[in-house]
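The values are calculated or read from the model by the stated rules, or taken from the named source; none is laboratory data. This is a predicted model, so every value here is computed, not measured. Every residue, glycine among them, receives a Cβ derived from its backbone with ideal geometry; neighbour counts consider all protein chains shown.
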Amino acid sequence: MPRIEIENKVLSCPVIVGTENEKAIDISNLRAQTGYITLDDSLANTGSCKSSITYIDGDKGVLRYRGYPIEQLAEKSSFTETAYLIIYGKLPNESEYQNFSNLLTEQQILHEGFRHHFEGFPNNAHPMAMLSAMINAMGCYQSDLYDERSGETSNFDKSAAQLISQVRTIAAAAYKMSIGQPMVYPYPNKRYAENFLHMMFSLPNQPYEVDPLVLHALTLFLILHVDHEQNCSTSTVRLVASSGANLHASCSAGVCALWGRLHGGANQAVVEMLTKIKNADYTVKDFIEKVKNKEGGAKLMGFGHRVYKNYDPRAKILQNAAYKLLKTLGKGDELLEVAHELSEFALQDDYFIERKLYPNVDFYSGIILQAIGIPLNMFTVMFAIGRMPGWIAHWKEITENTKQRIYRPRQIYVGETHRNYIPLEERL
Ligand code: CMC
C-alpha cells in the first residue's frame, strides 16, 4: 500500500483499481490523520468519483460508452438507443426500446405555460440562457416528477424522457421565437433528430424536407456528444445532484457550465475563428503565430483537451462526416478548407506537438451544424441536446449511490489574516 509521510506521521493509502486498470490512491483519510489536504487546482489530477458510465483513454484516443466503442455506436446505433444505453447501462431489447421511444414521444410537447416564459425574454436573448431557465422551469409543471428520489422509478423514467424530449422542443421553440415565427409542434411519429429539424425549419403549410445525409450527420453529432465522463458540465451536474437537488435543477446547472468557450461554447468559437481567417482578417500562419505568442489570450479553438493527449476519436468521425456532408450539399467547403489548412499547420508545429494539442470534437462539429442550417448562437444548444442523456445518467448514478456524500472540496486560504473592523469615519 502506498504511504505518505508528513511530519513524522505516516498514512497508508489504499489503491483503487478500475476495470480498465486505471489506478488511484485513496487519500480520503489524509486530513483526519495528518492535518494536510491535497491541492489540485482545477482538479486536473483528482478523481472525483468512481463511475461506470464512460471510459476514456486519453493517451490512446479511446472512448467507450458503457463499454461500447464510440466508433461502433456512431456507425450502428441511433440517438435514442444510445441515450437508453448511457442511462440504463445496457442496450435495450426490442420492447425496452419501444417503451423508451414511446415515453419520449409522450413527453415531447411543452406545457402551454411555456409560451409566457418565451414571451418574457428579449428577442436577442441567448438561447443557452433560455434553455437553462426553461429546463429548471420544466420541473415546476410536473409536481409528480419533482422529487425523483421518492423511490418510484417510474418518476425517474418519466423525468428523464421529458428532459431528453423537451430539451429539443425548447431549443427549436426558442429559435422560432427569436426569428418571429410561430412555434412548430412535434410530429408524434418522426424519429428524434428528424423531429427536431421539423420543429426548427418547417413553416406553416410548408413541412421541411429532410435530406437523409443531413439527418445522418445530425444523429452522429448527437451520439458523439452523449457523454464524456467528468467534464466541466457533467461534474457540475454531479456536484449539484450531490446536495439532493432534483434532476431538472441539476441539468439546468449543467447547461450553464456548458455555455463557456472553453467547453461547449467552443463549437461556436471555432466557426467564428475559421470565418475570420476565411474573410482574410489574418492568414493561417499569422493566426498560429498569435496563438503561439498567446496574444490577447488567443487560442486555437477546437484544439487541445484536458484528457486527450492524442486525436479525439470524435473529431476523426466528425471530420469524415463533414467532408461527406459538404461534398453532397455543395456548400460551406471554404470553411472546411480553412480548418484543414489550420490543423495541418498546427499538427506540424513544435508548439502544438510539445503540448500534445490535437483537434477535439468541436473542431469539425460547428462546420457540420452550419451546413445543416443551424444558426451560430444555437451551436452550444445542440451540444446540450446531445449531452442531456449523459447528465441524466450521472444524476442517476450519484443518486443511486447510498453512500454518496455532498461534494464539498476544501481550499487553501491565501487572503488577509485576522484584522479588526475600523468605523467609516476613522478610515483613511
Ligand atoms: N491553443 C493554444 N494553446 C493551447 C490550447 C489551444 N487550443 N490548448 C492548450 N494550450 C496550451 C496552454 O496555453 C498551455 O500552454 P503553456 O504550457 O505554455 O502554458 C498548454 O497548452 C496546456 O494547456 P492547459 O490550458 O493547461 O490545458 P487544460 O487541460 O487546462 O485545457 C482546454 C483544456 C480544452 C480548455 C484547452 O485545450 C483549450 O482552451 N482549448 C480550446 C477550447 C476548446 O476547444 N474547448 C473544447 C474542449 S473539447 C469539448 C468539451 O469537452 O467541451
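What number goes with the only condition from (1) surrounded by 15 or more Cβ atoms within 10 Å (Cβ to Cβ); (2) in contact with a Phe, Trp or Tyr (Cβ under 8 Å, 6 or more places away or on another chain) that residue 299 does not pass?
Failed condition: (2).
Does any residue in the stretch 349-371 that is farther than 14 Å from residue 316 by Cα come within less than 7 Å, Cβ to Cβ, of a residue that is more than 7 Å from the ligand (Cβ to nearest atom) and not in a helix (DSSP H, G or I) six or more places away or on a different chain, and which pairs are these?
Hits for this filter: 356/309; 370/332; 371/331; 371/332.
Within the stretch 347-370, how many residues are within 8 Å of the ligand (Cβ to nearest atom) and closer than 20 Å to residue 323 by Cβ?
Qualifying residue count, the stretch 347-370: 4.
Could you check, for the stretch 296-304, whether at least one of its residues is modelled with pLDDT under 95 and away from the ligand (no atom under 11 Å from the Cβ)?
There is at least one residue in the stretch 296-304 that is modelled with pLDDT under 95 and away from the ligand (no atom under 11 Å from the Cβ).
Looking at the stretch 398-425, which of its residues are out of contact with any Cys (no Cβ under 8 Å at 6 or more places or on another chain), modelled with pLDDT of 95 or more and not in a loop (DSSP other than H, G, I, E, B)?
Selection gives 424, 425.
Applying the selection to the stretch 347-402, what residues are touching a strand residue (DSSP E or B) at 6+ places or on another chain (Cβ under 9 Å), aliphatic (A, V, I, L, M) and either at positive phi or outside the structural domain of residue 330 (by TED's automatic domain parsing) (or both)?
393
Conditions tested, residue by residue: (1) at pLDDT below 95; (2) under 19 Å from residue 82 (Cα atoms); (3) part of a loop (DSSP other than H, G, I, E, B); (4) within 11 Å of the chain's Cα centre (by Cα).
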residue	(1), (2), (3), (4)
188	yes, no, yes, no
194	no, yes, no, no
200	no, no, no, no
217	no, yes, no, no
221	no, yes, no, no
227	no, yes, yes, yes
251	no, yes, no, yes
254	no, no, no, yes
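(1) touching a Leu at 6+ places or on another chain (Cβ under 9 Å); (2) within 14 Å of the ligand (Cβ to nearest atom): which one isn't true of residue 307, the others all being true?
Of the numbered conditions (1) touching a Leu at 6+ places or on another chain (Cβ under 9 Å); (2) within 14 Å of the ligand (Cβ to nearest atom), the odd one out for residue 307 is (1).
Return yes or no: is residue 4 in a loop (DSSP other than H, G, I, E, B) and either on the phi > 0 side of the Ramachandran plot or aliphatic (A, V, I, L, M) (or both)?
No.
So that you can scan it fast, the table gives a plain yes or no per residue for (1) under 21 Å from residue 217 (Cβ atoms); (2) crowded, with 17+ Cβ neighbours inside 10 Å; (3) out of contact with any Cys (no Cβ under 8 Å at 6 or more places or on another chain); (4) in contact (Cβ under 8 Å) with a residue 40 or more places away in the chain:
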position: 23; (1), (2), (3), (4): no, no, yes, no
position: 26; (1), (2), (3), (4): no, no, no, no
position: 50; (1), (2), (3), (4): no, no, yes, no
position: 54; (1), (2), (3), (4): no, yes, yes, yes
position: 57; (1), (2), (3), (4): no, no, yes, no
position: 61; (1), (2), (3), (4): no, yes, yes, yes
position: 70; (1), (2), (3), (4): yes, yes, yes, yes
position: 81; (1), (2), (3), (4): yes, yes, yes, no
position: 96; (1), (2), (3), (4): no, no, yes, no
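Within the stretch 364-385, can one find any residue that is surrounded by 15 or more Cβ atoms within 10 Å (Cβ to Cβ) and in contact with a Ser or Thr (Cβ under 7 Å, 6 or more places away or on another chain)?
Checked against the condition, which is being surrounded by 15 or more Cβ atoms within 10 Å (Cβ to Cβ) and in contact with a Ser or Thr (Cβ under 7 Å, 6 or more places away or on another chain), the stretch 364-385 yields no hits at all.
When the stretch 232-257 is examined, which residues are found to be free of Cβ contacts under 8 Å to residues at least 40 places away in the same chain and touching a His at 6+ places or on another chain (Cβ under 8 Å)?
232, 257
Please find, among 233, 252, the residue that is crowded, with 16+ Cβ neighbours inside 10 Å, within 22 Å of residue 379 (Cβ to Cβ), hydroxyl-bearing (Ser, Thr, Tyr) and more than 16 Å from the ligand (Cβ to nearest atom).
Matching residue, one of 233, 252: 252.
Which residue pairs have Cβ atoms under 7 Å apart, sit 6 or more places apart or on different chains, and have a first residue in the stretch 110-126 that is in contact (Cβ under 8 Å) with a residue 40 or more places away in the chain and a second that is among the β-branched types (Val, Ile, Thr) and not in a loop (DSSP other than H, G, I, E, B)?
Within 7 Å, the pairs are 110/169; 110/170.
Does at least one position in the stretch 279-292 carry a residue that is touching a Pro at 6+ places or on another chain (Cβ under 7 Å) and within 10 Å of the ligand (Cβ to nearest atom)?
no
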